1. Given the options Thr53, Thr99, Thr62, state which has the largest fluctuation in a GNM of the chain using a 10 Å cut-off (strictly under) for Cα springs.
2. If you take the beta carbon distance between Ala66 and Glu104 as r and set R0 to 22 Å, what does 1/(1 + (r/R0)^6) give as a FRET efficiency, to the nearest 0.05?
3. Any chance you could give the angle, 0 to 90 degrees and rounded to 10, that helix 40-50 forms with the longest Cα principal axis of the chain?
4. Going by amide H atoms built from the backbone, whose H comes under 5 Å of the H on Thr62, apart from near neighbours?
5. For Ala29 and Glu114 in one chain, what is 0.36 nm times their gap in residues minus the Cα-Cα distance, to one decimal in nm?
6. Have a look at Gln21, Ile135, Gly39 and report the one farthest towards the positive end of the charge dipole of segment 18-146, computed about the Cα centre with Cβ charges (Lys/Arg +1, Asp/Glu -1).
7. In a solvent-free Debye calculation with one equal scatterer on each Cα, what is log10 I(q)/I(0) for segment 18-146 at q = 0.16 Å⁻¹, listed in the order of the q values?
8. Hey, got a sec? Which GluC sites (Glu not before Pro) in segment 84-139 land in a DSSP loop and have at most 14 other Cβ atoms within 10 Å?
Amino acid sequence: MPVTQKDDSPWWADGLPFTCQQSGKCCHARGDYAWVYVGWPERERLAQALQITPEEFTQKYTITDAQGARILRFVDGHCIFLEDAACQVHDHKPVQCRTWPFWEELLESPETYEAEVRNFCPGSRSGKRISADEIRRQMKETEEARQ
């Protein structure tokens, strides 16, 4: 049954529980989700962490999508940095990874969130409650990183 709001506040106005379990499930391609945007600042940061040049990072770990944006490569249906169900750049992961599942398109409705997040992510049903203000901050950070 859909959640109805009495005012303009989002359906998640009371926050949402989420604690990353590091299951790696969000690192796998799922339908239309098979991309992680990495703008130049993120490529520079990740390259530094890997001790290579940003140009080397760009060539080795990214491709250009149809709109001309740089995205991480996916290999065998998962992010190139996923090995043995663990992110190899976890401490330096891109904004889009760090702010998942608090993306605007995933929070569109309770039904979307249920289908795209709760149905497969073990950390989305329990753990610390993330406040609406923090969710908004992460949504904004994600959108800015996509620019």
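1. Its mean-square fluctuation being the largest, the pick is Thr53.
2. Numbers: r = 21 Å, r/R0 = 0.94.
Between Ala66 and Glu104 the formula returns 0.60.
3. With both axes taken from Cα atoms, the answer is about 70 degrees.
4. Counting only residues 5 or more places away or on other chains, the set is Arg73.
5. Numbers: separation 85, 0.36 × 85 = 30.60 nm, distance 1.75 nm.
Stretched out fully, the Ala29 to Glu114 stretch lengthens by 28.8 nm.
6. Going by the charge dipole, the pick is Gln21.
7. One equal scatterer on each Cα of segment 18-146 leads to -0.83.
8. Values: sites: Glu104, Glu105, Glu108, Glu111, Glu114, Glu116, Glu134; in loops: Glu104, Glu105, Glu108.
Counting only loop positions with at most 14 other Cβ atoms within 10 Å, the GluC sites (Glu not before Pro) in segment 84-139 are Glu104, Glu105, Glu108.
We did not get these values from a lab; they are worked out from the coordinates using the rules stated. Everything numeric here is computed off the predicted structure, so don't read it as measured data. Counting neighbours? That spans all protein chains shown, and the Cβs are built from the backbone with ideal geometry, glycine included.
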